[in-house]
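The values are calculated or read from the model by the stated rules, or taken from the named source; none is laboratory data. All of these numbers come straight from a predicted model, not from anything done at the bench. A quick note on method: Cβ atoms are made from the backbone with ideal geometry, for glycine too, and the neighbour counts reach across all protein chains shown. All accessible areas refer to the heavy atoms of the entire protein, side chains included, with ligands and DNA or RNA removed. Shrake-Rupley method; radii C 1.70, N 1.55, O 1.52, S 1.80 Å.
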Amino acid sequence: MTEPLDLARLQRRLAEFAAARNWQPYHTPKNLAAALSVEASELVEIFQWLTPEESARVMDDPSAAHRVTDEVADVLAYLLQFCEVLGVDPLTALDAKITRNEQRFPVPGREDGSERRQRPES
């Protein structure tokens, strides 16, 4: 029986993988942030010249789907390693960010009576 996947287990596996290869000296916040950016750019590259309609169907092509899945995994791997090195709990950070965004961008028509559509921010 395989153990269910969770972020902590995946972070441990990534740390063990890096440690077994003596990669820790290279896994600095700066290097991991740069690697994360490169991998995110490789994900963007898949979609760069697609129309919005083509991009919505990218997972229909097995070859493209495989590339997308691999790049998503690379982005997540570097993000989890980055969080591990800095001691950031990614789920807590995301939960706090969603809470801040809910306060910054209330649902139009509620509380303040505003109907103006607000542009989402990261």
Pairwise centroid distance, computed over Cα atoms, of segment 40-59 with segment 62-85, Å: 15
- line: Averaged per residue, the 1.4 Å probe accessible area of the chain, protein heavy atoms only, in Å², is roughly 78
message: I need two numbers for segment 24-95: Rg to one decimal and Dmax as a whole number, Cα atoms only, in Å.
response: 14.5, 43
Cβ-based net charge around Ala20, under 15 Å, with every Lys or Arg adding one and every Asp or Glu removing one: +2
- request: Name the helices (complete DSSP H segments) of the chain with a Cα length along the long axis of 30 Å or more and a Kyte-Doolittle mean of at least 0.5, or state none.
  value: 62-86
query: When only alpha-carbon atoms count, how far does the chain stretch along each of its three principal axes, as whole angstroms with the largest first?
result: 57, 37, 37
message: If I model a spin label as a point 7 Å beyond the Cα along the Cα-Cβ vector, how far apart are those points for Val107 and Leu76 in nm?
response: 2.9
task: Run the quick spin-label model on Thr28 and Arg9: label points 7 Å from Cα toward the beta carbon, then report their separation in nm to one decimal.
output: 3.4
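Around Asp89, with a cut-off of 13 angstrom between Cβ atoms, what is the net charge of the other residues, counting Lys and Arg +1 and Asp and Glu -1?
-2
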task: Just the number, please: carbon plus sulfur as a percent of the accessible area of segment 1-74, 1.4 Å probe, no ligands or DNA/RNA counted.
output: 60
